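What follows is a single structure, written as structure tokens, with notes after it.
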Amino acid sequence: MTDTSTWATKKGLAQMLKGGVIMDVVTAEHARIAEDAGAVAVMALERVPSDIRAAGGVARMSDPTMIEGIMSAVSIPVMAKARIGHFVEAQILEALGVDYIDESEVLTPADERNHIDKHAFKVPFVCGCRNVGEALRRVSEGAAMIRTKGEAGTGNIVEAVRQLRDVLAEIRRLQGMREDELFVAAKELGAPYELVRQVAAEGRLPVVNFVAGGISTPADAALVMQLGAEGVFVGSGIFKSEDPARMANAIVQATTHFTDAKILAEVSKGLGAPMRGIALESIPDQERMAVRGW
Amino acid sequence: MTMRIGVLALQGAFAEHVATLRAIGAEPVEVRLPSHLDDVEGLIIPGGESTTIRRLIARWGLAQPILDLASSGAPIFGTCAGMIVLSREIVGGEAPVLPLLDVTVERNAFGRQLDSFETELDVPVLGDTPVHAVFIRAPVISGVGPGVDVMASLPDGRIVAVRQRNVIATSFHPELAGETRFHRLLVTMASEHADPGEGVGRRQYPTRRSQHGR
């Protein structure tokens, strides 16, 4: 009669996060700043993506001590990242009791072929995507929330915008198809037919869809919200800016009032320098994170 | 007359409440600023993160206008985070936000996300069919004042739905389960508020008492 960790509760937590900002934090102190600024959840990790990018080497799940420190510091949900395909890191994170696991391309993939079987877990998962096919493959593996990947740690919104537009344009294309065309569409997308049909019927992904990877100003957040994101992840954009508390608060306000240009102007004033960005062309292909995952 | 019902749209699952209201023939209005409360006959405070919603209510000066709306008699309905926002006392000592319910509320009372659950719940005032209730990092009411009606409790006695005059709150999410009876109740209360022909005055509607009293 009473069932815990059902699909409805997994997907439902993501629904509760909508219209909100999920912030990367590396210490309990950061987590408290994020919570005070109005973050709906924090992503606990050892280094923000721009530092992972700078450090190179293999990026792994964070130390459980650090994750627990953050879990006890705040009352909002705490997410943590596991490597793509590394189901043991995910088992460890579930044992810690984190509220959501991000099977993330920001860390170095552990499996070049398979993602984690997320149905096997009680904890819900969020996964990255660049297009509808990738999103639906992740949902079929059990992801209860999707985020477009952007290009993490760049402070550059261009990839996030491209991917979000691609996802939404593909959904519109599916909506316009005849029923008998959806079979081939599913084949071409490499996604399960049942999920493709659901997207065509409902005009949206089967789970909540956030945007990640490159948001570094209130205007960036409002841009993706106006395009159709249901909320935002901000990684390096907050704690690599000059005044993280102010930037965090301003991005929260902009995500709520994303259509009100007067408010956006107001909250954008005097924030200090945002993180220094990177032009995408200057990143060699093998260092791009968005292409990880399949 | 179509009821205009506000849905606080600062953060959280407001779109689900908007859809539910539309499905039962009410007119939803997204509320982000005090001016959006003009001409609404009721208000829903959705699930979301209560710490976030609390800060946004304060930042945009929404507390007093919502309290004024409630004291005018317009119905207010809070789900999950909305229940926390409406409670007079929050375990742990956080300041109340809109202290309209004389109750003590405990945040994340069942634990973390791994303890989220769904169940069938008897809500006698809504009839014999149980409510399919989805609880997500949900709060519970750990104490009620004298004016508070308990609408539903779990088998272990923990209170998960309350009503005090024109204010209703649930720990769970009717809007995630295709459950419309709470919203219908809210809309009924809103129409009574908008047109007080029922109960007082007897201006336009014949009632048993006015027909028989003559």
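Peptide A:34-40 is shielded by partner chain Cβ atoms: per residue, an average of 4 of them sit within 10 Å of its Cβ.
Would you mind putting A:229-235, B:87-93 in packing order, based on average other-beta-carbon counts within 10 Å, highest first? Intermediate results must be reported in sequence, preceding the final value.
Values: A:229-235: 28.0, B:87-93: 16.9.
For the peptides A:229-235, B:87-93, the packing ranking is A:229-235, B:87-93.
Give me the mean projected area, in nm² to one decimal, of the convex hull enclosing the Cα positions of chain B. Provide the component values of the computation, followed by the final result.
On the way: hull surface 50.4 nm².
Convex hull of Cα atoms, orientation-averaged projection: 12.6 nm².
Remark: mean inter-chain Cβ contacts per residue of B:26-33 equal 1, using a 10 Å Cβ-Cβ cutoff to other protein chain atoms. For the range A:1-74, build the charge dipole from Cβ charges (+1 Lys, Arg; -1 Asp, Glu) around the Cα centre, then report which of A:ALA37, A:PRO49, A:VAL74 sits farthest towards its positive end. Ranked along the dipole, the leading option is A:PRO49.
If r is the Cβ-Cβ distance from A:GLU46 to A:ALA245 and R0 is 22 Å, what FRET efficiency results, to the nearest 0.05? Walk me through the numbers on the way to the answer.
On the way: r = 21 Å, r/R0 = 0.97.
Approximately 0.55, to the nearest 0.05.
Entry for the protein assembly as shown at q = 0.05, 0.10 Å⁻¹: log10 I(q)/I(0) = -0.19, -0.76, Debye formula applied to identical alpha-carbon scatterers, no solvent contribution. Each helix, a run of at least 4 DSSP H residues, gives -39500 (n - 2.57); summed and divided by the residues of the protein assembly as shown, these come to -10500 deg cm²/dmol at 222 nm.
Here the label points at B:ARG184 and A:ALA54, each 7 Å from Cα along the C-beta direction, are separated by 6.0 nm in the simple model.
Could you tell me the center-to-center distance, by alpha carbons, between the range A:1-33 and the range B:4-23 in angstrom? The range A:1-33 and the range B:4-23 have Cα centres separated by 20 Å.
Using only the Cα atoms of the range A:132-188, build the gyration tensor, take square roots of its eigenvalues as a ≥ b ≥ c, and label the shape rounded, prolate or oblate: rounded if a/c is under 1.5, else prolate if a/b is larger than b/c, else oblate. Numbers along the way, then the final one.
Values: a/c = 3.25, a/b = 1.69, b/c = 1.92.
Because a/c hits 1.5 or more and a/b fails to exceed b/c, the range A:132-188 counts as oblate.
Of the peptides A:24-31, B:35-42, A:55-62, the order by per-residue mean of other Cβ atoms within 10 Å, starting with the highest, comes out as A:24-31, B:35-42, A:55-62. Sparsely packed loop sites in the range A:152-254 (the trypsin sites (Lys or Arg not before Pro) outside DSSP H, G, I, E and B with at most 14 other Cβ atoms within 10 Å) comprise A:ARG178. The packing ranking, built from the mean of other Cβ atoms within 10 Å per residue, places the peptides A:9-21, A:255-267 in the order A:9-21, A:255-267, highest first.
At R0 = 35 Å, how high is the FRET efficiency between A:SER140 and B:SER142 if r is their beta carbon distance? Nearest 0.05 is fine. Provide the component values of the computation, followed by the final result.
Details: r = 41 Å, r/R0 = 1.17.
Result of the calculation: an efficiency of 0.30.
Using the Cβ-Cβ distance between B:GLN64 and A:THR6 with R0 set to 35 Å, the FRET efficiency from 1/(1 + (r/R0)^6) comes to roughly 0.35. Shielding by partners for peptide B:54-60, expressed as the average number of C-beta atoms from other protein chains within 10 Å of each residue's C-beta, is 4.
We did not get these values from a lab; they are worked out from the coordinates using the rules stated. In this text, all values refer to a predicted model and were calculated from it rather than measured experimentally. Cβ sites come from the backbone with ideal geometry, for glycine too, and all protein chains shown count toward neighbours.
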